[in-house]
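Scroll down for the structure; my scribbles are underneath it.
Since every read-out is calculated from the coordinates, none of them should be taken as a lab result. Every value quoted in this text rests on a predicted model; they were computed, and no experiment measured them. So basically every Cβ, Gly included, is an ideal-geometry build from the backbone, and we count neighbours across all protein chains shown.
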Amino acid sequence: MSEIEARKGATSRTARLDAVFAALADPTRRAIIERLSRSEARVTDVAKPFHMSLNAVSKHIRVLEASGVVERHKKGRDHILSINTRSLDEVDGWIERTRRYWEERLDAMERVLRELKKDHTLGPKDRKHGSR
Amino acid sequence: MVRGDTTGEIVQVRRRVKAGAEQIFDLWTKPDLMVRWMSPYPGAVDCKASCDLRPGGHFSLVMSSAEASREVSGTYVQVDRPRKLVFTWIGPLTNNVNTLVTVELNPRGDETELVLTHERLPTSAIREGHTMGWGNILDHLADVASQ
């Protein structure tokens, strides 16, 4: 764990979430995560099934590491990659965002209800379409 | 209801609203009313809504400003005016992953208790990049809805 540096941009939760989502947005990176969700693996083994250079795969792995989704440790001479499930659980921030989203939407809904009540007391009983 | 492995994260919001359930239900399902409060983007945003209010019917809310256009859309799973509305929901908030929203309206005298439940797939399923669990949830709900 201590091998993982505190990365810039990963300080705020939102930034970290964005990094996780960005990491998950790419099909190659999702495939890497899928592979690692079965078991940890050496970098070279992870790279093998992809029709791209080790260098290209390494770039994807670095993005995953920077996002905190994937961790790397050394076993002898091998670099072993594994999934940091905690980082994926961090996506839990979704709960907070979603709650805030709906609280705000419901505030707006209640504002419209008050407007409608006003319209109703001012205007005729039947709702006219096209009125704002 | 949905339980066990297929259950992902759930957000629940409750609110006492000073209005009847019918009126609130209309706010959620009539395009001319939906556009007045559903868009989260302040300022000069052109908001258009459309919906086909029946199980399996589609709805969408398109919000466009000078710079960008965003869409929230989904499919109705259960339509039980004025007590319950269940729909799938996909948009920027959900990172364009399908989620499920249930709105329940319980009359409390002159007021209505609104209970909103927003669920999404477990992180593990998102990680694995497939939606099998989600398909099961939808199948289950489709069964419930058709009863």
Longer than 19 Å from Cα to Cα, which of A:Lys117/B:Lys48; A:Lys118/B:Lys18; B:Lys18/B:Lys48; A:Lys118/B:Lys84 are they? Say none if no pair is. A:Lys117/B:Lys48; B:Lys18/B:Lys48; A:Lys118/B:Lys84
By counting other Cβ atoms within 10 Å of each Cβ, how are B:His58, A:His60 ranked from fewest to most? B:His58, A:His60
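Arrange A:Arg29, A:Arg35 by Cβ neighbour counts within 10 Å, fewest through most, would you? Intermediate results must be reported in sequence, preceding the final value.
On the way: A:Arg29 22, A:Arg35 19.
Starting with the residue having the fewest Cβ neighbours, the order is A:Arg35, A:Arg29.
What is the order of A:Leu106, B:Leu116, fewest Cβ neighbours within 10 Å to most?
A:Leu106, B:Leu116
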Suppose every K and R has +1 on its Cβ and every D and E has -1 on its Cβ; what is the size of the dipole of segment A:13-90 about the Cα centre, in Debye to the nearest 20? 240
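Find how much the distance from B:Arg108 to B:His58 grows on full extension, using 0.36 nm per residue of separation minus their present alpha carbon separation; answer in nm with one decimal.
Working: separation 50, 0.36 × 50 = 18.00 nm, distance 3.04 nm.
Length gained, B:Arg108 through B:His58: 15.0 nm.
Using r as the Cβ-Cβ distance of A:Phe21 and A:Thr121, and R0 as 41 Å, what FRET efficiency do you calculate, to the nearest 0.05? Working shown, then result.
Working: r = 46 Å, r/R0 = 1.13.
For A:Phe21 and A:Thr121, the calculated efficiency is 0.30.
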